[in-house]
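Asks: Below is the structure I would like to discuss, written out as structure tokens.
The values are calculated or read from the model by the stated rules, or taken from the named source; none is laboratory data. Note that this is a predicted model, so its numbers are computed, not measured. Using ideal geometry, Cβ is built from the backbone for each residue, glycine included, and neighbour counts are taken over all protein chains shown. Just so you know, the surface numbers come from the protein's heavy atoms only, side chains and all, with ligands and any DNA or RNA stripped out. Shrake-Rupley method; radii C 1.70, N 1.55, O 1.52, S 1.80 Å.
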Amino acid sequence: LSSAGVILCAGPFALCAAMYLSSPTPERFLVWNCRYLLDGAGGQSHDFQLWVLGMFRSMAAAVPMLACEGFAAAQYEVCTGSAIPAVPRTARYSVQPWAPRSPGRIVLLRSRVWGRLPGLYIRTVLDLLRSDMDSTLSLESPGDDSGWYTYSDLARYTAAVLLPNDATMYAFAEAYAMALPIALPALKMLYRLHRSVPFGFMVHDFARLPGAAGVQTVEPFWDAQKPNVTNFMTWMQQTDFYTWPGAVQFDSFSHLLVWGADTSSHERQSQEMAMWHRQQCERAEAQFRALW
């Protein structure tokens, strides 16, 4: 670390705090959090979580503290009372232009959800509905064969379906970088899906600094195993999933299958996503340049 020009930690924040405390050159430290605020500290005591939050607030006075999306920035402010800017992820490493090879092939993201029992149940429902609708769509997941897809593999698909099991996922930004048409459940459907077929939402109860400013009507974290539609809607609607334009939100599985077969709309969607990604790249570059 002593020879690094810049030390960038993208989370979890608890790891960034530990690295900062042990860094021989903290003045070259940069935090760009793309995870839950207290990931890595959830198994610790409430007092320890409060100490970590206090550490984040003191770090913000000494080093650049950034979030990778509006959700993470809002959560930080509610928990600590301090505001930090959101610099969007651009996933330039995944820029493999969308070039569909086989019409009707839809890739299912995220594979770890679709390959487990709840995801397999949802796929069974989709298969039955495809049969009833005489749909020729092929719904495929990386876990169906080798278990790993390259970005070139993904770019060959007609489109993608993303089932969020977290409030922040790199797969979403990567799809935009590729201009790969993508669909995800509308917020109300996502909540109903998770309540009826729990597929594992990676959200946990955490601490909050006493007197921290922010949203007063909801908590900054919600327990995914408990029905709390207000917290779910409040925070999920601030995520990239539901603030970035271009992604289609389906409110039923039949809606999803109709969209999957409409290849003419995919081209328009891809163009809108590509334009948004270019704007995000320009914005992120300007924000990072302003740091130094």
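Asks: Mind ranking His46, His266 by accessible surface for me, highest first, 1.4 Å probe?
Replies: On the way: His46 105, His266 0 Å².
Putting His46, His266 in descending order of accessible area: His46, His266.
Asks: Right, another one. For Ala62, what is the net charge nearby, where nearby means another residue's Cβ is under 12 Å from its Cβ and Lys, Arg count +1, Asp, Glu -1?
Replies: In short, +1.
Asks: On the full set of protein chains, 1.4 Å probe, figure out the accessible area of Thr234 and give it in Å² to the nearest 10.
Replies: Using a 1.4 Å probe on the heavy atoms, I get roughly 30 Å².
Asks: Turning to a different aspect of this structure: At a 4.7 angstrom Cβ threshold, list every cysteine in the chain that has nobody to pair with, or say none.
Replies: Among the cysteines of the chain, those whose Cβ sits 4.7 Å or more from every other are Cys79, Cys281.
Asks: Once every DSSP H run of n ≥ 4 in the chain is given -39500 (n - 2.57) and the sum is divided by its residues, what mean residue ellipticity at 222 nm do you get, rounded to the nearest 500 deg cm²/dmol?
Replies: So the calculated ellipticity at 222 nm is -13000 deg cm²/dmol.
Asks: Between helix 117-132 and the chain, what is the angle of the helix's C-alpha long axis to the longest principal axis, kept within 0 to 90° and rounded to the nearest 10?
Replies: So the inclination is approximately 30 degrees.
Asks: Also, quick follow-up: For every other residue with a beta carbon closer than 13 angstrom to the beta carbon of Phe250, add +1 if it is Lys or Arg and -1 if Asp or Glu, then tell me the sum.
Replies: It works out to a net charge of 0.
Asks: Using 1/(1 + (r/R0)^6) with R0 = 25 angstrom and r between the beta carbons of Leu21 and Tyr93, what's the FRET efficiency to the nearest 0.05? Please list the in-between numbers first.
Replies: Numbers: r = 29 Å, r/R0 = 1.18.
Between Leu21 and Tyr93 the formula returns 0.25.
Asks: Here is a further query. Leaving out ligands, DNA and RNA but keeping every protein chain, what accessible area does Glu267 have, in Å² rounded to the nearest 10, with a 1.4 Å probe?
Replies: Taking all protein chains as shown, Glu267 has close to 90 Å².
Asks: Moving to a separate point now. For the pair Thr230/Thr150, report the inter-label distance in nm, with labels modelled 7 Å from Cα in the Cβ direction.
Replies: For the pair Thr230/Thr150, the computed spacing is 5.1 nm.
Asks: Moving on to the next point. Compute the FRET efficiency between Leu129 and Glu282 as 1/(1 + (r/R0)^6), taking r as their Cβ-Cβ distance and R0 = 41 Å, and round to the nearest 0.05.
Replies: Details: r = 41 Å, r/R0 = 1.00.
With R0 = 41 Å, the Cβ-Cβ based efficiency is 0.50.
Asks: Something else about it: Once you order the gyration tensor axes a ≥ b ≥ c over the Cα atoms, which shape class does segment 1-95 get: rounded for a/c under 1.5, otherwise prolate or oblate by comparing a/b with b/c?
Replies: The shape class here is oblate.
Asks: What's the FRET efficiency of Leu50 with Leu291 using the Cβ-Cβ distance as r and R₀ = 25 Å, to the nearest 0.05?
Replies: 0.30
Asks: So, taking all protein chains as they sit and a 1.4 Å probe, how much accessible area belongs to Leu120, in Å² rounded to tens?
Replies: 80
Asks: For the full complex of protein chains and a 1.4 angstrom probe, list Tyr157, Tyr242, Tyr149 by accessible area with the highest value first.
Replies: Tyr149, Tyr242, Tyr157
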